[in-house]
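What follows is one structure encoded as structure tokens, with my remarks underneath.
The values are calculated or read from the model by the stated rules, or taken from the named source; none is laboratory data. Predicted model only: the values in this text are computed from it and were never measured. Cβ: placed from backbone, ideal geometry, glycine included. Neighbour counts: every protein chain shown.
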């Protein structure tokens with residue numbers, strides 16, 4: 001088995017923790033596995049380097065200066081961990097960006113460089129794979145080399161990305177993220193009592209959690225996860241990479257365009273300042289849900305709230321919401337529009353692509369089609385149009401993302 005194990009800063013914060021990390025690596029070697037280790041800077045050392053740079057220069061420095069200086073944290077960590085492994089009888093070498101065997105290539109944008117996956121894969125197969133046959137390889141996370149030959153960095157938390165990139169490029173069976181938590185929980189342990197550890201989760205669901213604030217993994221690291229590769233999160237306190245944690249399974253989402261085959265209808269309930277009406281969304285959603293009607297979209301305005309439901313069930317929904325409207329003096333009327341079509345596009349790239357909504361709505365508008373409503377999330381844009389125009393709108397969106 002081939003493993004990529006990433007140790008975050010808290011897992012290599014001092015000599016004792018580095019030895020604990022080395023102990024877990026040694027166990028995998030003794031099990032007959034090939035191990036590539038990706039290491040972050042020790043503890044808070046990157047913060048110290050940035051603070052020193054800011055103070056000494058009064059903020060007058062370039063992105064190249066920052067990359068060169070912050071890179072020193074990881075360049076130190078790999079040397080210490082590799083030395084520790086060798087002291088424990090585990091043959092090890094380290095890789096850092098100034099070495100000819102270094103594999104991670106990036107764009108030239110300092111501080112927020114992007115991985116060049118194909119270039120990285122060629123170099124990893126050429127240099128790193130043969131090294132793994134003979135010894136443990138410890139390499140810097142977070143760092144790359146641009147086309148100009150200078151050190152780049154790929155954003156804070158970039159060691160997670162380095163790990164999944166190397167797992168992809170080396171066809172690793174597992175990528176293991178070693179951190180100071182046991183994995184993904186049912187909620188933030190700091191906010192709720194007795195949260196439950198999630199043992200398995202799909203890549204797509206995990207991505208939604210990561211971009212919504214879960215700090216277990218840098219969200220863009222998932223972009224490089226192999227379809228059949230297991231991504232695992234374990235706690236450094238176990239000193240064992242095979243310890244229980246959370247396993248992230250399945251391939252990562254691809255850009256995908258879809259449409260609803262059956263027509264929808266919009267049902268709108270109106271009233272004065274209902275946006276300030278606590279519980280109205282919950283009450284109306286429950287009424288609709290109790291009728292076994294799926295809600296495909298919800299939009300809220302100061303004086304109205306609209307639900308998109310299957311057209312064939314709209315009369316039932318109108319009847320139920322009308323009863324509520326009559327009973328509640330804050331509500332005035334309920335109405336509906338039939339013949340609504342829905343097309344949507346999903347992509348993990350939307351979070352990092354400014355102007356994508358304008359690109360879609362602009363193309364539809366230029367083709368002469370009116371948009372009834374748009375709803376968005378971090379990875380999905382849903383467009384509601386006249387059902388008679390749905391096929392044409394669907395084709396327009398498809399052409400945008402070919």
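Cβ-Cβ distances below 7 Å connect the following pairs, each with a first residue in segment 79-98 that is without any contact (Cβ under 8 Å) to a residue 24 or more places away in the chain, a second residue that is surrounded by 15 or more Cβ atoms within 10 Å (Cβ to Cβ) and in a strand (DSSP E or B), and a separation of six or more residues or different chains: 79/94; 86/92. Once segment 96-142 is narrowed to residues that are surrounded by 19 or more Cβ atoms within 10 Å (Cβ to Cβ) and in a strand (DSSP E or B), the residue that is nearest to the chain's Cα centre (by Cα) is 115. Per the conditions (1) in contact with a helix residue (DSSP H, G or I) (Cβ under 7 Å, 6 or more places away or on another chain); (2) under 15 Å from residue 111 (Cβ atoms); (3) touching a residue at least 40 places away in the same chain (Cβ under 8 Å), the sole criterion not satisfied by residue 67 is (1). The single condition from (1) buried (at least 18 other Cβ atoms within 10 Å of the Cβ); (2) out of contact with any strand residue (DSSP E or B) (no Cβ under 8 Å at 6 or more places or on another chain); (3) over 21 Å from residue 380 (Cβ atoms) that residue 184 fails is (2). Assessment of segment 368-380 against the conditions (in the same structural domain as residue 288 (by TED's automatic domain parsing), in a loop (DSSP other than H, G, I, E, B), in contact with a helix residue (DSSP H, G or I) (Cβ under 8 Å, 6 or more places away or on another chain) and modelled with pLDDT under 95) yields at least one matching residue.
State yes or no: is residue 263 surrounded by fewer than 19 Cβ atoms within 10 Å (Cβ to Cβ) and touching a residue at least 60 places away in the same chain (Cβ under 8 Å)? Yes. Once segment 201-256 is narrowed to residues that are free of Cβ contacts under 8 Å to residues at least 24 places away in the same chain and under 17 Å from residue 159 (Cβ atoms), the residue that is surrounded by the most Cβ atoms within 10 Å (Cβ to Cβ) is 210.
When restricted to residues that are at pLDDT 95 or above and out of contact with any helix residue (DSSP H, G or I) (no Cβ under 9 Å at 6 or more places or on another chain), segment 172-185 contains 0. Of the residues that make up segment 360-375, is at least one closer than 23 Å to residue 282 by Cβ and within 23 Å of the chain's Cα centre (by Cα)? Yes, the conditions are met somewhere in segment 360-375. When you check residue 340 against the structure, is it buried (at least 17 other Cβ atoms within 10 Å of the Cβ) and in the same structural domain as residue 289 (by TED's automatic domain parsing), yes or no? Yes; evaluated as a whole, the condition is true for this residue.
The single condition among (1) closer than 20 Å to residue 383 by Cβ; (2) surrounded by fewer than 15 Cβ atoms within 10 Å (Cβ to Cβ); (3) under 34 Å from the mean Cα position of the chain (by Cα) that residue 352 does not satisfy is (1). Of the residues contained in segment 167-174, one or more are found to be under 23 Å from residue 17 (Cα atoms), assigned to a strand (DSSP E or B) and in contact with a strand residue (DSSP E or B) (Cβ under 9 Å, 6 or more places away or on another chain). Restricting 143, 123 to residues that are in contact with a strand residue (DSSP E or B) (Cβ under 9 Å, 6 or more places away or on another chain), at pLDDT 95 or above and over 20 Å from residue 7 (Cα atoms) narrows the list to 123.
Among the residues in segment 155-167, are any modelled with pLDDT under 95 and over 23 Å from the mean Cα position of the chain (by Cα)? The answer is no, given that none of the residues of segment 155-167 is modelled with pLDDT under 95 and over 23 Å from the mean Cα position of the chain (by Cα).
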